[in-house]
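A.B. asks: Please read through the structure below; I'll follow up with questions.
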Amino acid sequence: MSSTVTPMRWWHVAAVQGLESELFPSDPWSAEQFWSELAQPTRRYLVALDGDDVLGYAGLFVLPPDADVQTVGVAPSAQGRGVARALLSRLLEGVDTDGVSHTMLEVREDNDGAQALYTRLGFDIISRRPRYYPDGADALIMRRPRPAGGA
């Protein structure tokens, strides 16, 4: 991957929200939701940039002992290039030393690529939420325990 991962800032919100609308047309977050997330001290958001272009974004809620992946999105043109892995790996780096005992996330049951990535990052399926998404698709609940040796 030839992008740079950096904290999301206010000037990224318009591009991130545009990408969000493209990726999740049935239920996109608004710009106001992203602004609200950035204002919360318990949230961490990153973007992957190629120059000034936003290739992807990811967010995490952290309130030890819990953490929860809030969102992950990667531009269709950048998918399969390791962008999501770079974003999530960076987000997860800090939680292992922040007193977090586990990190949770929801993923569409039919999103095999995302499930494979999450599994590679140490997440396991622990439950299912029927009809979680607006189109009626189920969500799988995945959990990643703090790796051995974490604080």
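A.B. asks: Of all the residues that make up region 2-13, how many are touching a strand residue (DSSP E or B) at 6+ places or on another chain (Cβ under 9 Å) and surrounded by 11 or more Cβ atoms within 10 Å (Cβ to Cβ)?
C.D. replies: Total satisfying the criteria: 7.
A.B. asks: Given the conditions (1) farther than 16 Å from Arg9 by Cα; (2) free of Cβ contacts under 8 Å to residues at least 40 places away in the same chain; (3) not β-branched (Val, Ile, Thr), and given that Ala58 satisfies all but one, which numbered condition is not satisfied?
C.D. replies: Here Ala58 meets the rest and fails (1).
A.B. asks: Hey, could you check region 36-46 for residues that are in a helix (DSSP H, G or I) and more than 15 Å from the chain's Cα centre (by Cα) and say which is nearest to Leu19 (Cα to Cα)? Working first, answer last.
C.D. replies: Taking region 36-46 as the starting set, the residues that turn out to be in a helix (DSSP H, G or I) are 36-39.
Next, from what is left, pick out any that are more than 15 Å from the chain's Cα centre (by Cα): 36, 39.
Numbers: Ser36: 18, Ala39: 20 Å.
Across region 36-46, the extreme among qualifying residues is Ser36.
A.B. asks: Follow-up question, since we're still on this one. Go over the candidates Gly113, Gly99, Gly94 one by one and state the one that is small (Gly, Ala, Ser), surrounded by fewer than 19 Cβ atoms within 10 Å (Cβ to Cβ) and more than 25 Å from Glu37 (Cα to Cα).
C.D. replies: Just one listed residue meets the conditions, Gly113.
A.B. asks: Report, ordered by the first and then the second residue, all pairs with beta carbons closer than 6 Å, sequence separation of six or more or different chains, a first member in region 13-34 that is within 21 Å of Asp50 (Cα to Cα), and a second member that is part of a loop (DSSP other than H, G, I, E, B).
C.D. replies: Leu19/Ala75; Glu20/Pro28; Glu20/Trp29; Ser21/Pro28
A.B. asks: Name every residue in region 46-61 that is more than 21 Å from Ala139 (Cβ to Cβ) and either loosely packed, with under 12 Cβ neighbours inside 10 Å or not charged (D, E, K, R) (or both), in order of residue number.
C.D. replies: The answer is Leu46, Val47, Ala48, Leu49, Gly51, Asp52, Val54, Leu55.
A.B. asks: Read through the list (1) at pLDDT below 95; (2) touching a strand residue (DSSP E or B) at 6+ places or on another chain (Cβ under 7 Å); (3) surrounded by fewer than 16 Cβ atoms within 10 Å (Cβ to Cβ); (4) not small (Gly, Ala, Ser), then give the number of the only condition that Asp124 fails.
C.D. replies: Checking Asp124 against (1) at pLDDT below 95; (2) touching a strand residue (DSSP E or B) at 6+ places or on another chain (Cβ under 7 Å); (3) surrounded by fewer than 16 Cβ atoms within 10 Å (Cβ to Cβ); (4) not small (Gly, Ala, Ser), the one that fails is (1).
The values are calculated or read from the model by the stated rules, or taken from the named source; none is laboratory data. Note that the coordinates shown come from a computational prediction; the quantities given were computed from them, not determined experimentally. Backbone-built Cβ (ideal geometry, glycine too); neighbour counts: all protein chains shown.
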